[in-house]
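**Q** Here you go, one structure.
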Amino acid sequence: MLGLPLVRAIAFAVGFVALIGAIIFGAWFFTAKPKIEDPSEAWQKAKTLIEAHEFDDAVPFVRAAARAGLPEAQAMLGLMYLRGQGVDQDETEARRWLRIAAKLGHDPEASTRLARLIETGRGGPADPAEAAQWYALAAREGHSEAMYRLAVMHFEGRAPASSLWEALFWAHQSAQHGLAEAKALVAKTWQAIEERAQHGDLEAAFWLARAYAEGIGTSPDA
């Protein structure tokens, strides 16, 4: 027959093991990744959480939808890595996911943020030519910052086949969206074109004539 001290020791051991088991189960229960089957439902859940600024809770849903191929989720995951929202900030991962999303051409914000990373060499090597291509894609979709940054690259001669006409055109388009920096760039570009025309540059003279004809950079607001 077991003595009372031994019985108490056994009871204590059993209770201790049960307590540890309960703690482990609780930790698993509250931290386990949510079961995600439908990428569209995951993305809807993610958007709800993001709107509530609950980024930590949104990450598993965003990641699941992104890995399932939803461009909006891929772009958002890239932006979350870029901003450090719900994940550790990682510009390499941001660049990777933004590139995946931008290649599908559905998100001008993703293209613009990707272009900025590539232009400045963050998260990977700098490549002005590639950056200009992504800015151009977003600019054609109406993204005002992309228009402005593309104009700057043309003005500074860093875009492929740079020209002051492209700088003026895109700066004007961006200024029409109210970007103050773009309005200043319109004035600088217009002045540069005028100076070249006055020195006998026929191409610059043609640009001036075209700008007047099309109302590019000639209005008081642009």
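The values are calculated or read from the model by the stated rules, or taken from the named source; none is laboratory data. What you are looking at is a predicted structure, and each value in this text was computed from that prediction instead of being measured. FYI the Cβ positions are ideal-geometry reconstructions off the backbone, even for glycines, and counts take in every protein chain you see.
**Q** Looking at (1) modelled with pLDDT of 95 or more; (2) under 33 Å from the mean Cα position of the chain (by Cα), which is the one condition that is false for Pro220?
**A** In the conditions (1) modelled with pLDDT of 95 or more; (2) under 33 Å from the mean Cα position of the chain (by Cα), Pro220 misses (1) alone.
**Q** Being within 29 Å of Gly69 (Cα to Cα) and not charged (D, E, K, R) is the requirement here; does Gly142 meet it?
**A** yes
**Q** In addition: Quick one: which residue in Ala129, Ala136, Ala175, Ala68 is out of contact with any Phe, Trp or Tyr (no Cβ under 6 Å at 6 or more places or on another chain), hydrophobic (A, V, I, L, M, F, W, C) and at pLDDT below 95? Give the derivation first.
**A** On the way: Ala129 fails: at pLDDT below 95; Ala136 fails: at pLDDT below 95; Ala175 fails: at pLDDT below 95.
Of Ala129, Ala136, Ala175, Ala68, the one residue that is out of contact with any Phe, Trp or Tyr (no Cβ under 6 Å at 6 or more places or on another chain), hydrophobic (A, V, I, L, M, F, W, C) and at pLDDT below 95 is Ala68.
Yes/no matrix, rows are residues, columns are (1) closer than 30 Å to Arg99 by Cα; (2) in contact with an Asp or Glu (Cβ under 9 Å, 6 or more places away or on another chain):
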residue: Ser144; (1), (2): yes, no
residue: Ala151; (1), (2): yes, yes
residue: Lys188; (1), (2): no, no
residue: Arg196; (1), (2): no, yes
residue: Leu202; (1), (2): no, no
residue: Ala205; (1), (2): no, no
residue: Ala209; (1), (2): no, no
residue: Gly217; (1), (2): no, no
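**Q** Say we look at region 52-90 and pick out the residues that are of a type in the set (Asp, Glu) and within 15 Å of the chain's Cα centre (by Cα); which of these is nearest to Leu117 (Cα to Cα)?
**A** That would be Asp90.
**Q** Which number in (1) surrounded by 15 or more Cβ atoms within 10 Å (Cβ to Cβ); (2) at pLDDT 95 or above; (3) farther than 23 Å from Glu130 by Cβ marks the one condition that Ala167 misses?
**A** With respect to (1) surrounded by 15 or more Cβ atoms within 10 Å (Cβ to Cβ); (2) at pLDDT 95 or above; (3) farther than 23 Å from Glu130 by Cβ, Ala167 is out only on (3).
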